[in-house]
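Beneath this line is the structure, given in structure tokens, with notes to follow.
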Amino acid sequence: MLQLLLATNIRFKYRLCYIFIYFAQTFLMKFLRLLSINALVLLLLLSIVGTVAYYSQVRRIKTFFKLTGENHVAYLQYDSTAMFVHKPNIKVYENWGKPNQKFNGERRTNNLGFREDHDILEKKENEYRILVTGDSHTDGALRYNNQSFINVWEKHLNKADSATIYNGINGGTAYYTFRNYLGFIKKYSYLKPDIYLINIFTGNDFRETFLYEDNRTSFNTIYKNLNLRLKKRILAIGAKKFPLTQGIDQTLYFKSFPTDKEKALVIAKKYLLAIKQLCEKENIRLIVTLLPSKTETNASFKEEIKANYTISEKDINTNLYITNSLITWLNTEAIENFNLTPVLKQANEKVFWDHDLHINDNGHRIIGEYLFNKVIIEN
């Protein structure tokens, strides 16, 4: 009887264990099936979001280069050589800023679309032409055209030498980078400039090199631009006091993709070599100035950027590293160049607008006077 009870108990335990295993397996299979379905749905959603984000960025880039954006239509036009240039004979009024720093100005262009009040006509016998290009810093966030460093330099030259007519021509155009600088001199070499000056903004000209190449909508380029946009949105939570990020975008970009620093330098050198060859052929004196961002000239602002964006000292000095690397190369290639960092760093007044971090009228005046004293012109 005892043996029968033990046997019955064993069978009962065995059956109970079997039932437990059965339900455990059933639960596990359902759980795994549910997990697989959820993973598949998540993967599908991520694919949809990724695809939408990719094509949205592609559309943004194509829209930019087609110049169909609201901020572009009134001021810029497509050009097959320089990619885009200013529209001629326009006047666009601007009104922006904060209560403590208001800006009212006008963007006026002449017959050829340069930021000049006077038209460009046939070159006179005693005229010395200085054709200048650069990005929006050269274009100028200024109230009047005659406040640009080109015109300040021109004014001092004409005052010092009455026998020669010095004509400084401001061809600075927003969004320009190295590819534009080559196209610009190709387009306007017929004006017979004696000097072609490229004012490189070392704060973002290098990052933009990739965006201006023909593969601008490749997956790699789109991914990196989306990465930067996402990073800016996340980091901007603690950096709302910075309305625009002149010079900061490039730092964040190369922090994420450090190997691109050398790649950007390769692209920049490629276009600068082509410019050098063209200038030598046309007997044009080539000068390169290197304009820093506010981060490189203002120690307290630099520390604010580091704190708000959690950037290391090494990363915050990326722009300086690229600048110095390019200067070393320019000297090797015997391309005349001037680093504007020291002169702006020593200024006792504000040289950048608080609102958008472009150089202000003080910065332009200081640079114009610096070039007058440094660039020796022999007729």
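Couple of notes before you dig in:
- Qualifying residue in segment 235-244 (condition: at pLDDT below 90 and within 23 Å of TYR54 (Cβ to Cβ)): yes
- The criterion of at least 3 residues that are in the same structural domain as TYR78 (by TED's automatic domain parsing) and farther than 22 Å from ILE90 by Cβ is met by the following helices (runs of 4 or more DSSP H) wholly inside segment 118-207: 149-160, 178-188.
- Residue check for ILE130: buried (at least 21 other Cβ atoms within 10 Å of the Cβ), closer than 24 Å to ILE335 by Cβ, among the aliphatic types (A, V, I, L, M) and touching a Gly at 6+ places or on another chain (Cβ under 6 Å): yes
- Screening segment 159-185 for residues that are of a type in the set (A, V, I, L, M, F, W, C) and within 19 Å of HIS118 (Cβ to Cβ) and picking the one that is surrounded by the most Cβ atoms within 10 Å (Cβ to Cβ) gives ILE169.
- Residue within segment 20-39 that is under 30 Å from LEU228 (Cα atoms) and at pLDDT 75 or above present: yes
- So PHE301, is it crowded, with 19+ Cβ neighbours inside 10 Å and in contact with a Lys or Arg (Cβ under 7 Å, 6 or more places away or on another chain): no
The values are calculated or read from the model by the stated rules, or taken from the named source; none is laboratory data. Note that this is a predicted model, so its numbers are computed, not measured. So basically every Cβ, Gly included, is an ideal-geometry build from the backbone, and we count neighbours across all protein chains shown.
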